[in-house]
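Reviewing the structure listed below.
All of the numbers you see were taken from the coordinates with simple rules; none came from a lab. Please read all numbers here as calculations on a predicted model, not as lab measurements. With ideal geometry, Cβ positions are generated from the backbone for all residues, glycine too; neighbour counts draw on all protein chains shown.
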């Protein structure tokens, strides 16, 4: 074993004998490593603290804090990520959503997105559907007929589309009742009408059956199909070719009689 000497002094480091110079080098390396580790921990703690402060600030925003400029901030958050509604909790009301939509439109106009010029007028807040008492009575009657079924609550969809196509509002829901128990027993694809594949262009097939994307899609597709095939005067006794059962027209007519016919009247201003 070699023993190093310096000024008649020798040092043992581990199982080795080290000179004073070598010991100083080892100590310097240790201190440098410890400094780097400590600095890393300090920087990490600082970043965590900043992130926590940011989260606290975001969560403190509420619908009651909205000012003339704050909807623009919310608009940006909605574009970048859908986290605003959860951070606002129950204070994020439907009215606030409309405010956000206006702010988003203002953002797009200021940037000139979707317009030939960047100075297009910001649209007003979207209006809710407005119905006359006559319209609402029709919708209520259809909803009562649909009650407790998978298609419950879609009276407005039935009524608006039927009046748009000029079809008796009772016809489509009555057929759905006879064919599937108002959606309780279908071949799939929201097909409550027993419609064969290819009946509605642009829609998928479910084997030999027509498929739809939702109940609303099925309703509008079915009423449009009736208008194309049999026209506004369509009724269970003149829809030749829809069904092969000789009792089908009588069953559909009976189902229609369960919905009070209160006659025709123009739709409300927002429902045309």
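Sorting 172, 149, 233 by the number of Cβ atoms found within 10 Å of their own Cβ, with the fewest placed first, yields 233, 149, 172.
Contour minus end-to-end for residue 185 and residue 140, with contour as 0.36 nm per residue of separation and end-to-end as the Cα-Cα distance? Don't jump to the answer; show the numbers that get you there.
Working: separation 45, 0.36 × 45 = 16.20 nm, distance 2.41 nm.
Length difference between fully extended and current span is 13.8 nm.
Shown for 212, 131: other C-beta atoms within 10 Å of each C-beta, ranked fewest to most, produce the order 131, 212.
To make sure I understand, if each residue's beta carbon is the centre and we count other beta carbons within 10 Å, what order do 219, 56 fall in, fewest to most? Show your work: numbers first, answer last.
Numbers: 219 24, 56 9.
The order, fewest Cβ neighbours first, is 56, 219.
Centre-to-centre separation between the Cα atoms of segment 217-253 and those of segment 158-204: 9 Å.
As an exercise, take the mean of 1/r over every pair of distinct alpha carbons in segment 144-248, invert it, and state the Kirkwood radius in angstroms. Walk me through the intermediate numbers first.
Values: mean 1/r = 0.0733 Å⁻¹.
About 13.6 Å, per the Kirkwood formula over Cα pairs.
Taking 0.36 nm per residue of sequence separation and removing the Cα-Cα distance, the residue 20/residue 39 pair yields an extension gain of 4.0 nm. Given R0 = 30 Å, the distance between the Cβ atoms of residue 152 and residue 264 translates into a calculated FRET efficiency of 0.75. Once both labels are positioned 7 Å from their Cα atoms along Cα-to-Cβ, the gap between residue 56 and residue 132 label points is 6.0 nm.
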